[in-house]
Amino acid sequence: MPKIGDIQLPDFPLLLAPMEDVSDPPFRALCKENGADVVYTEFISSEGLIRDAAKSTMKLDIYEAERPVGIQIFGANLDSMLQSVEIVERTKPDIIDINFGCPVKKVVSRGAGAGILKDIDLMVSLTAAMVKHTDLPITVKTRLGWDDDSIKIVEVAERLQDVGIKAISIHGRTRAQMYKGNADWKPIAAVKNNPRMHIPVFGNGDINTPERALEMRDDYGLDGAMIGRASIGYPWFFREVKHFFETGEHMAKPTMQERVEVARRHLEMSIAWKGETLGVFETRRHYTNYFKGIPNFKEYRMKMVTSDDSKGVFDTFNEVLDKFGNHRFD
Ligand SMILES: Cc1cc2nc3c(=O)[nH]c(=O)nc-3n(C[C@H](O)[C@H](O)[C@H](O)COP(=O)(O)O)c2cc1C
């Protein structure tokens with residue numbers, strides 16, 4: 001069974017992907033409750049951290065219940081990354097993850113995120129220095145390469161392993177692809193099949209059904225699956241995958257009561273964590289999926305995503321329960 005450093009994981013662990021404005025403490029806690037084995041924070045700017053920017057440091061908050069948790073940082077400057085490692089260490093995460101995969105222009109143009117895929121030597125030396133600078137396990141999340149002509153992920157993964165990372169998660173797209181096309185898991189399997197690889201290799205990209213997760217395990221032979229979009233507004237995805245692995249059958253979808261209950265707790269935790277205004281605002285993106293599949297739901301969704309205060313949202317949850325309480329999700 002795979003291990004990240006000393007952290008023992010179950011067979012074929014499921015990891016919650018780092019997602020900006022999504023993978024915050026309340027959401028991570030809900031995913032953990034529903035079967036995620038490792039959770040990651042959204043990416044945090046090393047430059048922001050060393051300037052002590054409030055927005056960046058708030059992202060370091062972790063709840064005990066969500067462990068093991070990895071804090072993901074990005075940057076391209078050695079000093080800033082090393083200082084960030086020290087700042088992150090103080091908050092006692094279980095893992096520090098380096099983001100070498102973000103395709104967004106403002107990150108890439110500074111040579112960070114997927115930008116570093118254009119300079120593999122720098123990627124390796126930065127990683128080596130970070131590994132030496134901490135006792136925490138360092139993991140890396142990256143993409144296949146910069147573009148189709150520069151897919152060197154087998155070599156890159158091996159070099160990163162050789163400088164001491166404890167696991168690698170690979171999104172099966174290039175930077176040039178952004179989020180377009182389909183994720184290609186074959187190059188990820190090639191990394192795993194490299195006889196020199198001994199750290200866990202986790203696959204990522206387009207796992208949106210339990211069958212796809214099984215395919216990643218059985219047909220591609222990877223060590224675990226990192227799941228992003230399929231979990232947004234649907235933390236039950238993790239337990240559904242596990243149920244499918246154990247029984248070969250699909251688990252019943254969560255009832256309306258459970259959906260409302262989880263949406264309510266999500267909002268309550270978000271408000272407790274970041275205050276009324278931000279809590280209400282940042283929970284909005286989850287509602288579409290929490291209530292996906294209910295006919296004629298638009299009016300209620302609109303109320304949830306346009307209410308400026310939590311009372312409006314909580315009242316709408318109650319209305320939804322009254323009106324759709326018996327709806328069956330098949
Ligand atoms: C809203 C959103 C925010 C994301 N933010 C991050 C991030 O902060 N760090 C990161 O490494 N990847 C980030 N990603 C990429 C995901 O971690 C993941 O690699 C990608 O969505 C593919 O996996 P999926 O098909 O399971 O969603 C983000 C993706 C989405 C959709």
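For this structure, a couple of remarks:
- Where helices (runs of 4 or more DSSP H) fall wholly inside the stretch 95-193, the ranges with 2 or more residues that are away from the ligand (no atom under 16 Å from the Cβ) and modelled with pLDDT of 95 or more are 120-133, 153-162, 186-193.
- Pairs where the first residue, in the stretch 201-216, is assigned to a helix (DSSP H, G or I) and the second is crowded, with 18+ Cβ neighbours inside 10 Å and hydrophobic (A, V, I, L, M, F, W, C), C-beta under 7 Å, 6+ apart: P210/V241; A213/I207; A213/A225; A213/V241; M216/W185; M216/I207; M216/L222; M216/A225
- Count of the stretch 33-42 residues which are within 17 Å of I73 (Cα to Cα) and more than 11 Å from the ligand (Cβ to nearest atom): 2
- Filter result for S45 (at pLDDT 95 or above, within 12 Å of the ligand (Cβ to nearest atom), within 20 Å of D206 (Cα to Cα) and not β-branched (V, I, T)): no
- When M226 is tested against (1) assigned to a helix (DSSP H, G or I); (2) within 24 Å of V69 (Cβ to Cβ); (3) out of contact with any helix residue (DSSP H, G or I) (no Cβ under 7 Å at 6 or more places or on another chain), exactly one condition is not met: (1).
- Considered as a group, the residues in the stretch 5-32 that are free of Cβ contacts under 8 Å to residues at least 40 places away in the same chain and not in a loop (DSSP other than H, G, I, E, B) include one that is nearest to the ligand (Cβ to nearest atom), and that residue is K32.
- The listed residue being under 30 Å from E249 (Cβ atoms) and either touching a Cys at 6+ places or on another chain (Cβ under 6 Å) or of a type in the set (K, R) (or both), out of K186, K106: K186
- In the stretch 95-102 there is no residue that is of a type in the set (D, E) and over 22 Å from G224 (Cβ atoms).
- Candidates D6, D52: the one that is farther than 17 Å from E282 by Cβ and modelled with pLDDT of 95 or more is D6.
- Those residues of the stretch 203-257 which are more than 14 Å from the chain's Cα centre (by Cα), among the β-branched types (V, I, T) and within 14 Å of the ligand (Cβ to nearest atom), in sequence order: T209, V241
- Only residues that are of a type in the set (D, E, K, R) and under 22 Å from C102 (Cα atoms) were counted in the stretch 22-51, giving 5.
- If you go through the stretch 33-89 and pick out every residue that is touching a helix residue (DSSP H, G or I) at 6+ places or on another chain (Cβ under 6 Å), closer than 19 Å to H266 by Cβ and not in a loop (DSSP other than H, G, I, E, B), you end up with 3.
- The lone criterion from (1) more than 27 Å from M226 (Cα to Cα); (2) buried (at least 16 other Cβ atoms within 10 Å of the Cβ) left unmet by L267 is number (1).
- Within the stretch 279-330, the set of residues being assigned to a loop (DSSP other than H, G, I, E, B), free of Cβ contacts under 8 Å to residues at least 60 places away in the same chain and acidic (D, E) comprises D308, D309.
The values are calculated or read from the model by the stated rules, or taken from the named source; none is laboratory data. This is a predicted model, so every value here is computed, not measured. With ideal geometry, Cβ positions are generated from the backbone for all residues, glycine too; neighbour counts draw on all protein chains shown.
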